[in-house]
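Engineer: Would you mind keeping the following structure in view while I ask a few things?
The values are calculated or read from the model by the stated rules, or taken from the named source; none is laboratory data. It should be emphasised that the depicted structure is a prediction, and the values quoted were computed from it without experimental measurement. Reconstructed Cβ throughout: ideal geometry from the backbone, glycine too, with neighbour counts over all protein chains shown.
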Amino acid sequence: MRGHISTRQSSKSTCLECKRLSGIKLRAKGKPNYHGIAVNNSLKTGIPLVSREDASLLGEVHYFTGIPCHNGHVAKRTVSGFACVICAKHTAKKWRAMNPEKAVETQRRFRASDSHSAYMLKTSTLARRRRQNSERKRNIKSAIPVWETMKAISDYYEDAVIQDLTVDHLVPITSDFVCGLHTCDNFQIIDAIENSKKGNRYWPEMSDTNNKELLRMVEEFNNEL
């Protein structure tokens, strides 16, 4: 409409150049820059930005936009009901306080059902994911070199959000064979599904990970830690 020759979003057909200029105008007027807020909250919490559509395609239960809910919570939301997980916990706690007998009866029936074992399995899975997220935060923090600035990293993540894509490390931060840095030189912007499939198994000029000598050296190194 404005004559820009630019990439468009597949979901909304929005011109990315129009979206970028719109963000500049909002910042000039002192209005909230939601993309900047989302990126900063993602960096603070260590939770990657994932849209509801991408989370649904990946089969995830939650997604994270980085935008606070109406109660000001910066937390994940449920794919099924858009609900903030912190708000949902407060609502459930309030209901149990107002209906103690019903809460006890509901809990008793739940423990007697087949769903209880599935719930325990899910709880252990969530605990494992929390440990993985905590470990990833520590790895990212230790992988930021002294010469890199948080402003440059934040701008890179903001560009990815504008394009509805995710930031991937060319050389993985954690792997049995390599150790990359959390710096703009090691970033690339790719689709969330492609990023998930790639994992930490591929990097430029990668060695043959089936090489027996290489595997022996890696095992000896891990034993020395």
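Engineer: Over 19 Å from residue 157 (Cα atoms), modelled with pLDDT of 80 or more and of a type in the set (S, T, N, Q): is that true of residue 117 in this structure? Reasoning before the result, please.
Structural biologist: Values: over 19 Å from residue 157 (Cα atoms): yes; modelled with pLDDT of 80 or more: no; of a type in the set (S, T, N, Q): yes.
Spelling it out, it is not the case that residue 117 is over 19 Å from residue 157 (Cα atoms), modelled with pLDDT of 80 or more and of a type in the set (S, T, N, Q).
Let's see how each residue does on (1) within 30 Å of residue 169 (Cα to Cα); (2) touching a helix residue (DSSP H, G or I) at 6+ places or on another chain (Cβ under 6 Å); (3) acidic (Asp, Glu):
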| position | (1), (2), (3) |
| --- | --- |
| 109 | no, no, no |
| 112 | no, no, no |
| 127 | yes, no, no |
| 130 | yes, no, no |
| 139 | yes, no, no |
| 152 | yes, yes, no |
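Engineer: Considering only residues of region 72-99 that are among the small types (Gly, Ala, Ser) and modelled with pLDDT of 90 or more, which is farthest from residue 34 (Cα to Cα)?
Structural biologist: Here the answer is 97.
Engineer: How about region 15-61: which of its residues are β-branched (Val, Ile, Thr) and modelled with pLDDT of 70 or more? Working first, answer last.
Structural biologist: In the first step, residues of region 15-61 are kept if they are β-branched (Val, Ile, Thr); the result is 24, 37, 39, 45, 47, 50, 61.
Across region 15-61, the qualifying residues are 37, 39, 45, 47, 50, 61.
Engineer: Still on this model: Take the residues in region 74-100 that are under 19 Å from residue 53 (Cβ atoms) and of a type outside the set (A, V, I, L, M, F, W, C), then tell me which one is surrounded by the fewest Cβ atoms within 10 Å (Cβ to Cβ).
Structural biologist: Within region 74-100, the match that is surrounded by the fewest Cβ atoms within 10 Å (Cβ to Cβ) is 81.
Engineer: Show the residue pairs that are 6+ apart or on different chains and have beta-carbon atoms under 9 Å apart, the first residue being within region 119-135 and outside any helix (DSSP H, G or I), the second being modelled with pLDDT of 80 or more.
Structural biologist: Partner pairs satisfying both residue conditions: none exist.
Engineer: Turning to a different aspect of this structure: Taking residue 178, is it touching a residue at least 40 places away in the same chain (Cβ under 8 Å) and more than 18 Å from residue 132 (Cα to Cα)?
Structural biologist: Values: touching a residue at least 40 places away in the same chain (Cβ under 8 Å): no; more than 18 Å from residue 132 (Cα to Cα): yes.
Here the answer is no, as residue 178 does not meet what is asked.
Engineer: Now a separate question. Of everything in region 142-159 that's free of Cβ contacts under 8 Å to residues at least 40 places away in the same chain and part of a helix (DSSP H, G or I), which residue is surrounded by the fewest Cβ atoms within 10 Å (Cβ to Cβ)?
Structural biologist: So, considering only residues that are free of Cβ contacts under 8 Å to residues at least 40 places away in the same chain and part of a helix (DSSP H, G or I), the one surrounded by the fewest Cβ atoms within 10 Å (Cβ to Cβ) is 151.
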